[in-house]
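A.B. asks: Handing you this structure, nothing more for now.
The values are calculated or read from the model by the stated rules, or taken from the named source; none is laboratory data. Just so it is clear, the structure is predicted and the values come from calculations on it, not from any experiment. Cβ sites come from the backbone with ideal geometry, for glycine too, and all protein chains shown count toward neighbours.
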Amino acid sequence: MDQWYLGYEIYTPSKEVSDASIEVEISFEPVPDEKTQASYPDGEEGDNSTDHRDLPLEDASPITGGTGFADAVEVKPGTYSDTIVPGEYRFYKVPVDWGQRPVVTLRSNKSERENVDRIAAVIYSPHRVSSAELDVSPPHDGGSDSGTAATDRPVLFNNRASDTGGPTSLAGDFYIGVAMYYGRDTNAVTGIDQPYEIAFEGDKTDGPEWRMVNADGPPPSDTPPSTEKQEGADKEGDKADSEDTDQQAQDSDDDGGFNLMWIAAAAGGILVIALIIIVALLMTRRR
């Protein structure tokens, strides 16, 4: 088959309808033959453990995370700090190779708003499926709160055939999404200051070289690109159709993509709470 048509339906609980930017990611994963797949490490069963030891926290360097998957900031081993306000998201991109296991530790110091706050972190797979999550509650009377989350197994190609291991069966860019909730006190100061630390340990194992492509696609259109192309061919002939295809490819390179996440507006305020996230990529043993 030369082409596929993909349809999407989007639902909203609101009666008000307005335009919104939506990001759609399409990938075609090569399928290895049976002999090649058998040469990769066996898939692992999930441990379903929620009792993870917090990773060590150290000094942080400033960084500004993205607002969604499309503009997530890639992070390397090291320690980082960022800022966020209630109702906002921060996204970070962490390359994870075969045999590695992403682990996130999030810590928040005292809530300077002196409010009951909640900050959440989610680990997303390259398919942007939630793989693990945690939340912390910044104490309003002093001290700090921390939590740690990890995928339930290392990333291995053969996890896809091992007990709901799909989210950990593809190496590539994992994402860390951080969000702070508004809270019930609408008069409270809004804003926090978040340090992050990223660490990597061990050596990778075997698996396919293919990775999902995150490059921008064609610009938005009311009709599928293939339809526009065919209409151009009917009107201008084969030569015009060829020129249109070249121009479309150039436009695809020049234009940016969509942003999946939209951010709820929040009143300005002093950035006040300390928050720390650590991501460690731990290794699995070869079987």
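A.B. asks: In this structure, is residue 83 in contact with a strand residue (DSSP E or B) (Cβ under 6 Å, 6 or more places away or on another chain), at pLDDT below 75 and not in a loop (DSSP other than H, G, I, E, B)? Before the answer, list the steps.
C.D. replies: Working: in contact with a strand residue (DSSP E or B) (Cβ under 6 Å, 6 or more places away or on another chain): yes; at pLDDT below 75: no; not in a loop (DSSP other than H, G, I, E, B): yes.
The answer is no for residue 83.
A.B. asks: Do you know which residues across the range 125-134 are crowded, with 17+ Cβ neighbours inside 10 Å, assigned to a strand (DSSP E or B) and out of contact with any Ser or Thr (no Cβ under 6 Å at 6 or more places or on another chain)?
C.D. replies: 134
A.B. asks: Okay, next question. Condition first: assigned to a loop (DSSP other than H, G, I, E, B), surrounded by fewer than 24 Cβ atoms within 10 Å (Cβ to Cβ), touching a helix residue (DSSP H, G or I) at 6+ places or on another chain (Cβ under 7 Å) and of a type outside the set (D, E, K, R). Now tell me which residues in the range 143-186 satisfy that.
C.D. replies: Those that are assigned to a loop (DSSP other than H, G, I, E, B), surrounded by fewer than 24 Cβ atoms within 10 Å (Cβ to Cβ), touching a helix residue (DSSP H, G or I) at 6+ places or on another chain (Cβ under 7 Å) and of a type outside the set (D, E, K, R): 165, 169.
A.B. asks: Sort out which residues of the range 109-148 are among the polar types (S, T, N, Q), at pLDDT 80 or above and over 11 Å from the mean Cα position of the chain (by Cα), and write them in order of number.
C.D. replies: Here is the first cut: in the range 109-148, the ones among the polar types (S, T, N, Q) are 109, 111, 115, 125, 130-131, 137, 144, 146, 148.
Cutting the leftovers down to at pLDDT 80 or above gives us 125, 130-131, 137, 144, 146, 148.
Hits for the range 109-148 are 137, 144, 146, 148.
A.B. asks: I've got another one for you. Which ones in the range 15-25 are of a type in the set (Gly, Ala, Ser) and either closer than 27 Å to residue 125 by Cβ or more than 26 Å from the chain's Cα centre (by Cα) (or both)? First the steps, then the outcome.
C.D. replies: As a first pass, look at the range 15-25 and keep what is of a type in the set (Gly, Ala, Ser): 18, 20-21.
20, 21, listed by residue number.
A.B. asks: One residue is enough: does the range 180-194 have a residue meeting the conditions among the β-branched types (Val, Ile, Thr) and at pLDDT 80 or above? Before you say what the answer is, go through the steps one by one.
C.D. replies: Initially, the range 180-194 is screened for residues among the β-branched types (Val, Ile, Thr), giving 186, 189-190, 192.
From what is left, the residues that are at pLDDT 80 or above are none.
Looking through the range 180-194, none of the residues is among the β-branched types (Val, Ile, Thr) and at pLDDT 80 or above.
A.B. asks: Something else now. Regarding the range 111-121, can at least one residue be identified that is assigned to a strand (DSSP E or B), surrounded by fewer than 21 Cβ atoms within 10 Å (Cβ to Cβ), in contact (Cβ under 8 Å) with a residue 24 or more places away in the chain and in contact with a Phe, Trp or Tyr (Cβ under 9 Å, 6 or more places away or on another chain)?
C.D. replies: Of all residues in the range 111-121, those assigned to a strand (DSSP E or B) come to 119-121.
Now restrict to residues that are surrounded by fewer than 21 Cβ atoms within 10 Å (Cβ to Cβ): 120.
With the extra rule that they be in contact (Cβ under 8 Å) with a residue 24 or more places away in the chain, the set shrinks to 120.
Then drop every residue that is not in contact with a Phe, Trp or Tyr (Cβ under 9 Å, 6 or more places away or on another chain), which leaves 120.
For the range 111-121, residues assigned to a strand (DSSP E or B), surrounded by fewer than 21 Cβ atoms within 10 Å (Cβ to Cβ), in contact (Cβ under 8 Å) with a residue 24 or more places away in the chain and in contact with a Phe, Trp or Tyr (Cβ under 9 Å, 6 or more places away or on another chain): present.
A.B. asks: Another question, then. For the subset of the range 49-63 comprising residues that are in a loop (DSSP other than H, G, I, E, B) and of a type in the set (Gly, Ala, Ser), which member is modelled with the highest pLDDT?
C.D. replies: If we filter the range 49-63 for residues that are in a loop (DSSP other than H, G, I, E, B), which is where we start, we get 49-60, 63.
In the following step, the residues that additionally are of a type in the set (Gly, Ala, Ser) were identified as 49, 60.
On the way: 49: 59, 60: 75.
Within the range 49-63, the match that is modelled with the highest pLDDT is 60.
Table: residues versus (1) touching a residue at least 24 places away in the same chain (Cβ under 8 Å); (2) over 22 Å from residue 126 (Cβ atoms); (3) part of a strand (DSSP E or B).
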residue: 10; (1), (2), (3): no, yes, no
residue: 27; (1), (2), (3): yes, no, no
residue: 30; (1), (2), (3): yes, no, no
residue: 47; (1), (2), (3): yes, no, no
residue: 79; (1), (2), (3): yes, yes, yes
residue: 87; (1), (2), (3): yes, yes, no
residue: 104; (1), (2), (3): yes, no, yes
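A.B. asks: Just give me the residues in the range 61-77 being in contact (Cβ under 8 Å) with a residue 24 or more places away in the chain and surrounded by fewer than 19 Cβ atoms within 10 Å (Cβ to Cβ), in sequence order. Give the steps one after another, and end with the answer.
C.D. replies: Kept after step one, since they are in contact (Cβ under 8 Å) with a residue 24 or more places away in the chain, are these residues of the range 61-77: 63, 65-72, 74-77.
Answer for the range 61-77, where residues must be in contact (Cβ under 8 Å) with a residue 24 or more places away in the chain and surrounded by fewer than 19 Cβ atoms within 10 Å (Cβ to Cβ): 67, 70, 71, 74, 76, 77.
A.B. asks: If I ask for residues that are closer than 17 Å to residue 124 by Cβ and outside any strand (DSSP E or B), which ones from the range 89-102 would you list?
C.D. replies: Within the range 89-102, the first condition is being closer than 17 Å to residue 124 by Cβ, and the residues that meet it are 89-97, 100-102.
Residue satisfying the conditions is 97 alone.
A.B. asks: Moving on. Which of the residues belonging to the range 86-100 are at pLDDT below 85 and crowded, with 20+ Cβ neighbours inside 10 Å? If you could, list the steps in order and put the result at the bottom.
C.D. replies: Filtering the range 86-100 for residues at pLDDT below 85 gives 86-87.
Answer for the range 86-100, where residues must be at pLDDT below 85 and crowded, with 20+ Cβ neighbours inside 10 Å: just 86.
A.B. asks: Let me ask something else about it. What residue, of 68, 43, is touching a helix residue (DSSP H, G or I) at 6+ places or on another chain (Cβ under 6 Å) and either at pLDDT 85 or above or not in a loop (DSSP other than H, G, I, E, B) (or both)? Even if it seems obvious, please write down each step before you answer.
C.D. replies: Values: 68 fails: touching a helix residue (DSSP H, G or I) at 6+ places or on another chain (Cβ under 6 Å).
Testing whether each residue is touching a helix residue (DSSP H, G or I) at 6+ places or on another chain (Cβ under 6 Å) and either at pLDDT 85 or above or not in a loop (DSSP other than H, G, I, E, B) (or both) leaves just 43.
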